[in-house]
1. Can you pull out the residues in segment 138-172 that are surrounded by 15 or more Cβ atoms within 10 Å (Cβ to Cβ) and either in contact with a Gly (Cβ under 7 Å, 6 or more places away or on another chain) or under 15 Å from Leu2 (Cβ atoms) (or both)?
2. Got a sec? Which of Glu188, Glu109 is within 30 Å of Ser19 (Cα to Cα) and among the acidic types (Asp, Glu)?
3. Consider Thr58 carefully, then state whether it is among the β-branched types (Val, Ile, Thr), at pLDDT 95 or above and over 20 Å from Asp15 (Cβ atoms).
4. Can you pull out every residue in segment 69-108 that is within 17 Å of the chain's Cα centre (by Cα), closer than 17 Å to Phe59 by Cα and of a type in the set (Val, Ile, Thr)?
5. In this structure, does Ala39 turn out to be surrounded by fewer than 16 Cβ atoms within 10 Å (Cβ to Cβ), under 28 Å from Ala89 (Cβ atoms) and hydrophobic (A, V, I, L, M, F, W, C)?
6. Let me confirm something: among Val91, Val98, which residue is aliphatic (A, V, I, L, M), touching a Phe, Trp or Tyr at 6+ places or on another chain (Cβ under 9 Å) and either modelled with pLDDT of 95 or more or surrounded by fewer than 19 Cβ atoms within 10 Å (Cβ to Cβ) (or both)?
7. I'm checking my understanding of the structure. Among residues of segment 3-36 that are touching a strand residue (DSSP E or B) at 6+ places or on another chain (Cβ under 9 Å) and in a loop (DSSP other than H, G, I, E, B), which one is surrounded by the most Cβ atoms within 10 Å (Cβ to Cβ)?
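The values are calculated or read from the model by the stated rules, or taken from the named source; none is laboratory data. Because the structure is a prediction, the values reported are computed rather than measured. When we count neighbours, we look across all protein chains shown, and the Cβ atoms used for this are built from the backbone with ideal geometry, even at glycine.
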Amino acid sequence: MLKQELRNIYRTKRDAIHSNQKLKLDDLMLLQFQQLNYADITTLLSYWPMNNSSEPNTFLFSRYLHHTVYNLQTTYPVTNFFNNTMQAALVNNETVYVANKYGIMEPKEQTIINPKQIDLIFVPLLCFDENGYRVGYGKGFYDKFLAQCNQHVVKIGFSYFDAVEKIDDTNQFDVPLNYCITPQKIYEF
């Protein structure tokens, strides 16, 4: 299937998950997430889950890392809608967030870091395939950013659903994940 078809199908599927079921699925994904080794991680790029799109609760995963990785630095994306790019801004417990034009929360004050400093990236997605390619929201922010990162950066997606067999319209700019975590299993690519 093509990305746009998959985008429509998986938005509908995610929106159909009842809030109580979503809490359970998030907890199951956290259990899967805890199975990976994060010993070499020093800097994380996470993202604020959008309330209106039923995204997995990335706060669970980043909080777990903060309890297990000493001195973990966390960054959040700051987007530029003129050229569909993003940067990584350091955050801490005092960071103030503001909604961008799409309602996505971003750090208000920004200390931007070099993408090559990031060891682990939580990559948003609607669905993914058996080769680690994902369907995002269609603007290419993450693929452009991932192309700037070091070759050893670990890219993890989270999905309430299993992999589709193949996304038919991937291209040379699409960057595959290293892992995708579902409530039932960890996909490794």
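1. Tyr142, Val164, Ile167, Thr170
2. Glu188
3. So Thr58 does not fit the description; no.
4. The answer is Thr74, Thr75, Val91, Ile104.
5. Spelling it out, Ala39 is indeed surrounded by fewer than 16 Cβ atoms within 10 Å (Cβ to Cβ), under 28 Å from Ala89 (Cβ atoms) and hydrophobic (A, V, I, L, M, F, W, C).
6. Criteria check complete, one pass: Val91.
7. Leu36
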